[in-house]
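A.B. asks: Mind looking over this structure? Questions follow.
Please treat every number below as a calculation from the coordinates, not as lab data. Keep in mind the model is a prediction, meaning the values are calculated, not measured. Every residue, glycine among them, receives a Cβ derived from its backbone with ideal geometry; neighbour counts consider all protein chains shown.
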Amino acid sequence: MPNDQLRSRTDGCKMADAECERLTVLAETDDLTLSEWCRQVLLARADGERPRTIEETVLAGLA
């Protein structure tokens, strides 16, 4: 990864234990950590991609 693209920023959100567990299960089904999964989902959404049905359902439940 080029130096100008190093991941040096962190952002976060608060969630209930049950919400965290639900998202962790989704991440693990893709063999990703929760952090990696969140980054992929957020960047895909920023690029205009629609989330998968399961992701859309879980994210709607968090709102």
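A.B. asks: Order these peptides, 32-40, 17-25, 5-13, by their mean beta-carbon neighbour count within 10 angstrom, highest first.
C.D. replies: 32-40, 17-25, 5-13
A.B. asks: Compute the Cα gyration tensor for the stretch 16-62, then decide on rounded, prolate or oblate, letting a ≥ b ≥ c be the square roots of its eigenvalues: rounded whenever a/c is under 1.5, prolate when a/b is larger than b/c in the other cases, and oblate in all that remain.
C.D. replies: oblate
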